[in-house]
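Have a look at the structure below, then the notes.
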Amino acid sequence: MKVRINVIVNGEKHDLEVKPNHTLVDVLREELSLTGTKKGCGSGKCGSCTVLMDGRPVNSCLILAPQADGREVVTIEGLAGREPHPLQKAFAEKGAIQCGYCAPGMILTAKALLDVNPNPQEEEIRSAIAGNLCRCTGYSKTVEAIRSCANSSRNNRPSAGRKAYA
Ligand code: FES
Ligand code: FES
């Protein structure tokens, strides 16, 4: 059995038939070929699958596809305009991307933080990204990259700095 959902992804409307037990990360990667969203643990523990849903960061592995019906989702592919988003540039410039597996989720979590707190302190950044695991960088470069975007990020919508679904 499949269910029909309507979801806006990166500004584009999609009318999809999905398995009710499919997760949002699977729909994004398998149905829409948006493979920038990474699937790590599949159980809400690593944050690599983070996307923005109605402006808030969520672990898309914990969202069943029907829960995305009527929602607006932004993935890493939707963040850049003609040029990379300032956070993407900062992550690259500050060395906050090594293997890169955590980066899409980390950057979207940072985007949501800067939306509500354009000038976060280190503690606030570390708290916001606490659910995004990185095995490579030790987090210092990540914090530095996010700090460097304080007051300069192209953020244009309110959202929460912590995940709605841990
Ligand atoms: S894949 Fe690890 S939290 Fe979703
Ligand atoms: S850069 Fe490799 S996991 Fe973060």
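The values are calculated or read from the model by the stated rules, or taken from the named source; none is laboratory data. On a predicted model such as this, the values are computed, not experimentally measured, just so you know. Note that each Cβ is placed from the backbone with ideal geometry, even for glycine, and that neighbours are counted across all protein chains shown.
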Legend entry - Any hit, the range 56-71, residues being free of Cβ contacts under 8 Å to residues at least 24 places away in the same chain and more than 16 Å from ligand 2 (Cβ to nearest atom): no
Inset, instruction - Sort out which residues of the range 120-166 are in contact with a strand residue (DSSP E or B) (Cβ under 9 Å, 6 or more places away or on another chain) and at pLDDT 95 or above, and write them in order of number. - result: ALA128, GLY131, ASN132
Legend entry - Every residue from the range 67-95 that is in contact with a strand residue (DSSP E or B) (Cβ under 6 Å, 6 or more places away or on another chain) and of a type in the set (S, T, N, Q): THR75
